[in-house]
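Asker: Would you mind keeping the following structure in view while I ask a few things?
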Amino acid sequence: MPIYSSDSDDHPRPSQKPLGHQRPLHDILGGGKLADVLLWKNKKLSLGILIGVTAIWFLFEVAEYHFVTLLCHLILAAMIIIFIWSNLADLIQRDPPNVYSFQLSEAGCRYLHRKIDKLLSMIYYVSSGNDWRLLFGAIAFLWMLSVLGNYVSSWNLLYFAFVCIETLPALYERYENQVDHLAGKSRRGAKKLYKKFDSEVLDKIPRGPRLE
């Protein structure tokens, strides 16, 4: 016979979080600039990133700009601006552009290297089978994503994912109590449904004799 917890489990304690976190959402997201952007702590920066990504999506998906064409046009525009700025610096009383301002900082390169290493380590950990649930979850997610890619263009899919990533954490932080209430209610409903299915279907399946 299956063992269930008491009925009091159906009603979570007030201190419990149905979505499984106790720390503030800002700390869960890393507590740095990325968390500030995702939670719209810096509204100007978050809005600027959203507008920039929307403009890129519009150019590629709506205006049907090609990547190589856009890249060449951007480089041409940058070269023309630098040329005019360098040759008219004395007239406009501005310093000519410094070549070092166009180079990646060492700290930025190290940060990018750490993130890539962390991603590769995570992929290796999941693929090695140390956590079977995580492995099959990743396989199922990638398979569903590949199926979805047959019906939705890559730019639309990436743009939709970006909009969700940048807006949903902020919306959850704002309406956390309402979302937790709905999540807890859904979890209790699913738990009751599983108990009913177990008692009416699974318990009626004949079991074979145990092998000693």
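The values are calculated or read from the model by the stated rules, or taken from the named source; none is laboratory data. Everything quoted here is computed from the prediction, not taken from an experiment. Virtual Cβ from ideal backbone geometry, glycine too; neighbours counted across all protein chains shown. Quick note on the areas: whole protein, heavy atoms, side chains included, nothing else; ligands and nucleic acids left out. Shrake-Rupley method; radii C 1.70, N 1.55, O 1.52, S 1.80 Å.
Asker: Checking Asp27 against (1) within 22 Å of Leu158 (Cβ to Cβ); (2) open to solvent by less than 100 Å² (accessible area, probe 1.4 Å); (3) at pLDDT below 85: exactly one of these is not met. Which one?
Answerer: Unmet condition: (1).
Asker: Would you please name the residue that is surrounded by the most Cβ atoms within 10 Å (Cβ to Cβ), looking only at residues in segment 102-128 that are closer than 19 Å to Ala140 by Cα and of a type in the set (Gly, Ala, Ser)?
Answerer: Ser127
Asker: Any idea which residue in segment 60-72 is surrounded by the fewest Cβ atoms within 10 Å (Cβ to Cβ), counting only those that are within 30 Å of Arg94 (Cβ to Cβ) and at pLDDT below 90?
Answerer: To start, the set of residues in segment 60-72 that are within 30 Å of Arg94 (Cβ to Cβ) comprises 70-72.
After this cut, where a residue has to be at pLDDT below 90 as well, the list is 70-71.
On the way: Leu70: 14, Leu71: 11.
Going through the qualifying residues, I end up with Leu71.
Asker: Look through Ile123, Ile81 and report the one residue that is β-branched (Val, Ile, Thr), assigned to a helix (DSSP H, G or I) and farther than 29 Å from Leu157 by Cβ. Can you show your working first?
Answerer: Working: Ile123 fails: farther than 29 Å from Leu157 by Cβ.
Residue meeting the stated conditions: Ile81.
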